[in-house]
Amino acid sequence: MWGHAGMGWRWFCGGMMLLCMPCVAWAGDAAVRVTPLPSAPVLGAGHVAAATQGTSSVAQRTWLHAPHTRTAWYELRLSENWRAASVPLLSIHGNVRARVTAYLPPDYRPRNDTVFEAGLDPTFSHDSVVYPLPPGLRAGQPIYLELGDPGQTQPIRVAVTDLSSYRASDLRHIRVSTFFTSVQLSMVLVILCFWAVLRDRMFVYFIVYVGAQVLYGMTASGELFALPGAAWLGPMGYHPGQCMAALAAGFSIWFILEFADLRHYTPRLAACLGALRWPFLACAAIVWLPFLKPDAWLPNTVNLLVVASTFLALASSWLAWRRGNRQAGFFLLS
């Protein structure tokens with residue numbers, strides 16, 4: 001759920017992050033056998049697992065689904081005993097809305113941390129939830145994950161990685177994310193200086209739009225919750241990110257209309273595009289109304305609004321550019 005003028009920038013950032021994370025980032029991932037379970041296992045201290053019935057798959061990076069309407073159980077086992085020199089880590093990545101509870105050997109007590117909590121291990125980033133596993137983890141010792149209710153559409157990645165390899169990939173993630181966040185914050189500060197001198201409301205739209213994008217990105221990655229004094233945001237979970245995403249999209253429309261002067265060059269398309277501002281702002285408010293159960297339908301609704309408004313923004317900008325509007329041409333290039 002991104003704003004429009006920054007959508008190309010975000011695709012560029014995403015591509016660069018992928019390029020900056022070579023295959024060696026996953027070199028320490030162990031092969032894990034994953035088996036969906038029909039029901040909850042019997043857990044407790046001294047747990048001994050029987051042979052699991054059902055279809056299993058073996059992979060180094062496993063994608064699990066958290067359903068909205070029920071609870072899904074998964075059993076994870078190493079394909080062979082752990083032999084690496086550093087301790088194994090279970091990493092859970094991409095969990096933004098679902099409830100994920102991990103039951104780990106040897107005590108199998110429930111753990112349901114999220115990246116939005118300030119009390120996570122400070123030696124790791126908030127990119128994933130990380131749990132240390134027993135140094136002598138055997139292939140016969142299962143790990144259980146309980147997912148869903150509430151769930152999410154996006155899959156959740158789990159992996160068992162040795163400590164040294166995970167720290168290396170985590171450090172690369174911190175460097176890349178810090179660089180791009182710094183660039184965006186620098187853009188906001190520069191435009192703030194322009195606004196202080198020129199007092200043009202177009203700059204205000206840009207500041208709110210990009211500033212909300214920065215907060216959304218930091219919320220989605222969890223790094224916002226690692227900042228000093230941000231612990232009070234933890235109970236809100238992903239809701240600040242959802243709010244900022246919708247707010248950024250709405251103010252990006254305001255910025256586009258002003259920057260490209262679309263009301264003058266393409267009045268009908270500009271009117272349709274401008275009308276979409278209000279659903280975005282409404283969604284930003286609905287996030288905080290739990291009785292409407294927004295987690296179940298709001299993300300996909302905002303994504304559909306982004307698709308529609310992006311199409312209108314590109315169409316109206318192209319038409320305005322053909323009619324001699326240079327600013328619309330600059331926007332299309334961006």
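Observations, loosely collected:
- Region 275-334, subset in contact with a His (Cβ under 7 Å, 6 or more places away or on another chain) and more than 14 Å from Gly250 (Cβ to Cβ), residue least open to solvent (accessible area, probe 1.4 Å): Ala296
- Any hit, region 285-293, residues being of a type outside the set (A, V, I, L, M) and touching a residue at least 60 places away in the same chain (Cβ under 8 Å): no
- Test: residue in region 278-290 that is closer than 19 Å to Tyr209 by Cβ, modelled with pLDDT of 95 or more and touching a Gly at 6+ places or on another chain (Cβ under 6 Å): yes
- Total residues in region 212-261, condition in contact with a helix residue (DSSP H, G or I) (Cβ under 6 Å, 6 or more places away or on another chain) and of a type in the set (D, E, K, R): 1
- From Asp149, Asp127, residue being open to solvent by 30 Å² or more (accessible area, probe 1.4 Å) and touching a Lys or Arg at 6+ places or on another chain (Cβ under 7 Å): Asp149
- Qualifying residue in region 185-195 (condition: in contact (Cβ under 8 Å) with a residue 24 or more places away in the chain and either of a type in the set (A, V, I, L, M, F, W, C) or surrounded by 13 or more Cβ atoms within 10 Å (Cβ to Cβ) (or both)): yes
- Summed over region 179-213, the residues that are of a type in the set (Ser, Thr, Tyr) and more than 20 Å from Ala248 (Cβ to Cβ) give a count of 0.
- Search result, residues across region 95-118 that are small (Gly, Ala, Ser) and at pLDDT 90 or above: Ala102
- Test: residue in region 102-119 that is open to solvent by less than 20 Å² (accessible area, probe 1.4 Å) and part of a strand (DSSP E or B): yes
- Thr181 open to solvent by less than 30 Å² (accessible area, probe 1.4 Å) and of a type in the set (Val, Ile, Thr): no
- Within region 255-273, being part of a helix (DSSP H, G or I) and surrounded by fewer than 18 Cβ atoms within 10 Å (Cβ to Cβ) holds for Arg263, His264, Pro267, Arg268, Ala271, Cys272.
- Qualifying residue in region 237-244 (condition: under 30 Å from Arg322 (Cα atoms) and surrounded by fewer than 22 Cβ atoms within 10 Å (Cβ to Cβ)): no
- Hits in region 303-323 (condition: charged (D, E, K, R) and either in contact (Cβ under 8 Å) with a residue 12 or more places away in the chain or outside any helix (DSSP H, G or I) (or both)): Arg323
- Take the conditions (1) modelled with pLDDT under 90; (2) surrounded by fewer than 20 Cβ atoms within 10 Å (Cβ to Cβ); (3) within 20 Å of Ser128 (Cβ to Cβ); Arg172 misses just one of them, which is (1).
The values are calculated or read from the model by the stated rules, or taken from the named source; none is laboratory data. Being a predicted model, the structure only gives us computed values, none of them experimental. Note: ideal-geometry Cβ built from the backbone for every residue, glycine included; neighbour counts use all protein chains shown. For accessibility, only protein heavy atoms count, side chains too; no ligands or nucleic acids. Shrake-Rupley method; radii C 1.70, N 1.55, O 1.52, S 1.80 Å.
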